[in-house]
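Asks: If you scroll down you'll find the structure; I have some questions about it.
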Amino acid sequence: IPHKRPLPSKAGPARAAEEIKIGILSPFTGPTAKFGQMQRNTLTMAQEDVNGAGGIKSLGGAKITFVFGDTRGEADVGVTETERLITKEKVIAVIGAFQSGVGLPASAVAERYQVPWMTFGTVDTITTRGFKYVFRAHGNDTVKAKVIVEGLLDLAAQRGPITSAVVVAENTEWGKSVSQKQKGFLEAKGVKVHFVENYPFKSADLTSMIVKAKAVKPDLVIADSYLGDALLITRTMAEQELKPAVYGSGGGGHVQPDFVAGVGGLAEGVISCVLWDAGMGRAVPWIAKENERHKQRFGVSMTEDGAGYYQAFYVVIDALERTKTLSPKALRDALAATKITDPSNKAMIMPGKQIVFDEGGQNQEAGAVLVQWQKGDLKIVYPTALADPAAQVTWPYPQSK
């Protein structure tokens, strides 16, 4: 394996007919394939818009072509696919890999070949390794853990105290990272955390974990899970009559359309921390328009991960418009110099004041919101500035009654 990807020998302005290949890495088969399909759907809209508007103008109208890599949700496959996208397909950048446990090793491949990597994944360490080619425009686990704890306690102040908690999370990189950060923020606020349990991802049975949680009678249960485990945990909580006053989640499977379809009324009242929600469109009309277009075309609203890939794509587009050559190094330098503040820029679909990357490639201005399932729909309930004024917070979790 070469140390890095050789650059074209004659880098120059792109011809009008030249294509720009961007790699898209995600699980398109396997247990998390639903996420990959949602990301593909949302990216398709963005790609069509950019190409339909004349392509990348600074590069002679070059059009964007996607090359997809299927991780199957497996780290080793993600690594192999990243190398294929870079060495065989000659992509100029990669957006990926949804799961942090896949994105950590796969982004290291992109760094070695010196090809820009726009990450979707929230584990902090993705952007704390001293890499120069890895960037994250959205919030990390620290942001999400801070927001869910502060938000739940803020809501609790008017509705009933949260004095104790249990955190259950899958044993992937994401689950282990975010659960420990949630524990830290809870304890810093004086909430007793009885235990954090990192259960095996894709578990067949989690009864013993739920029984253990029931025994300590927590006010709050937080689960950090992908879809299959989110469904299993929620059903098992009902079967074992674990009835916390508040049932929260770190996002993931708990906010997917298939979650409410799979557990029905058990989803009512679940509060999750997400990086994006369609309700942001109330304050930003173009977001509402894009989401409505997505619903009409694909039958469901955009999801936070779909919006995250959409954001990453438009950050790359913004950088490409500031380059004059199709060089990964030039694109990397443009990405590092990113400063997006205009709320009408489509890269600003996610919450945050602006997009500016620190030395590690993290946007420190990124934010998050809390959403709650109410009658089959997600409603923003925190922060107040973005909360749905028509939504009445469901408290306590209905199953606790």
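The values are calculated or read from the model by the stated rules, or taken from the named source; none is laboratory data. Treat the numbers as computed from the prediction; the structure is a model and nothing was measured. All Cβ positions, glycine included, derive from the backbone under ideal geometry; neighbour counts span all protein chains shown. For accessibility, only protein heavy atoms count, side chains too; no ligands or nucleic acids. Shrake-Rupley method; radii C 1.70, N 1.55, O 1.52, S 1.80 Å.
Asks: Quickly run through segment 158-191 and pick out the residues that are small (Gly, Ala, Ser), at pLDDT 95 or above and closer than 19 Å to residue 271 by Cβ.
Replies: 164, 165, 169, 179
Asks: Condition check: surrounded by 15 or more Cβ atoms within 10 Å (Cβ to Cβ) and out of contact with any strand residue (DSSP E or B) (no Cβ under 6 Å at 6 or more places or on another chain). Does residue 343 satisfy that?
Replies: Taking the combined requirement at face value, the residue does not satisfy it.
Asks: Enumerate the pairs (first residue in segment 264-284 and closer than 18 Å to residue 346 by Cα; second residue anywhere and assigned to a strand (DSSP E or B)) with beta-carbon separation below 7 Å, excluding pairs fewer than 6 apart on the same chain, so at least 6 apart or on different chains.
Replies: 277/369; 277/371; 277/378; 277/380; 279/379; 279/380
Asks: Would you call residue 192 surrounded by fewer than 17 Cβ atoms within 10 Å (Cβ to Cβ) and in contact with a helix residue (DSSP H, G or I) (Cβ under 7 Å, 6 or more places away or on another chain)?
Replies: For residue 192, the condition - surrounded by fewer than 17 Cβ atoms within 10 Å (Cβ to Cβ) and in contact with a helix residue (DSSP H, G or I) (Cβ under 7 Å, 6 or more places away or on another chain) - is not met.
Asks: For residue 306, are the conditions met, namely being open to solvent by 10 Å² or more (accessible area, probe 1.4 Å) and either part of a helix (DSSP H, G or I) or among the β-branched types (Val, Ile, Thr) (or both)?
Replies: For residue 306, the condition - open to solvent by 10 Å² or more (accessible area, probe 1.4 Å) and either part of a helix (DSSP H, G or I) or among the β-branched types (Val, Ile, Thr) (or both) - is not met.
Asks: Looking at 320, 386, 370, 331 in this structure, which one is touching a Pro at 6+ places or on another chain (Cβ under 6 Å) and either surrounded by fewer than 21 Cβ atoms within 10 Å (Cβ to Cβ) or at pLDDT 95 or above (or both)?
Replies: None of the others qualify; the one that does is 331.
Asks: Is there any pair with a first residue in segment 304-323 that is within 14 Å of residue 55 (Cβ to Cβ) and a second that is at pLDDT below 95 and among the aliphatic types (A, V, I, L, M) whose Cβ atoms are under 8 Å apart and which are 6 or more apart or on different chains, and what are they?
Replies: Correct list of pairs: 320/59; 323/59.
Asks: Quick check on my filter: what residues within segment 366-378 are of a type outside the set (D, E, K, R) and in a loop (DSSP other than H, G, I, E, B)?
Replies: Across segment 366-378, the qualifying residues are 367, 368, 376.
Asks: Within segment 246-258, identify whether any single residue is more than 22 Å from residue 136 (Cβ to Cβ), open to solvent by 10 Å² or more (accessible area, probe 1.4 Å) and either assigned to a helix (DSSP H, G or I) or at pLDDT 95 or above (or both), and answer yes or no.
Replies: Yes, the conditions are met somewhere in segment 246-258.
Asks: Of everything in segment 202-211 that's assigned to a loop (DSSP other than H, G, I, E, B) and in contact with a helix residue (DSSP H, G or I) (Cβ under 7 Å, 6 or more places away or on another chain), which residue is modelled with the lowest pLDDT?
Replies: Ranking the qualifying residues of segment 202-211, first place goes to 202.
Asks: Looking at this structure, is residue 243 in a helix (DSSP H, G or I) and buried (at least 17 other Cβ atoms within 10 Å of the Cβ)?
Replies: So residue 243 does not fit the description; no.
Asks: Among 381, 315, which is the only one that is open to solvent by less than 20 Å² (accessible area, probe 1.4 Å), assigned to a helix (DSSP H, G or I) and of a type in the set (A, V, I, L, M, F, W, C)?
Replies: Every option except 315 fails the conditions.
Asks: Right, another one. Restricted to segment 288-303, and to residues that are assigned to a helix (DSSP H, G or I) and touching a Lys or Arg at 6+ places or on another chain (Cβ under 9 Å), which residue is surrounded by the most Cβ atoms within 10 Å (Cβ to Cβ)?
Replies: 290
Asks: Kindly indicate the residue of segment 259-275 that is open to solvent by 10 Å² or more (accessible area, probe 1.4 Å) and among the hydrophobic types (A, V, I, L, M, F, W, C) and also nearest to residue 136 (Cα to Cα) among those meeting that condition.
Replies: Within segment 259-275, the match that is nearest to residue 136 (Cα to Cα) is 260.
Asks: For residue 112, state whether it is farther than 17 Å from residue 315 by Cβ and either modelled with pLDDT of 95 or more or under 17 Å from the mean Cα position of the chain (by Cα) (or both).
Replies: Criteria met by residue 112.
Asks: Here is a follow-up. Restricting to segment 345-365, what's the tally of residues that are modelled with pLDDT of 95 or more and either among the small types (Gly, Ala, Ser) or in a strand (DSSP E or B) (or both)?
Replies: Within segment 345-365, residues that are modelled with pLDDT of 95 or more and either among the small types (Gly, Ala, Ser) or in a strand (DSSP E or B) (or both) number 8.
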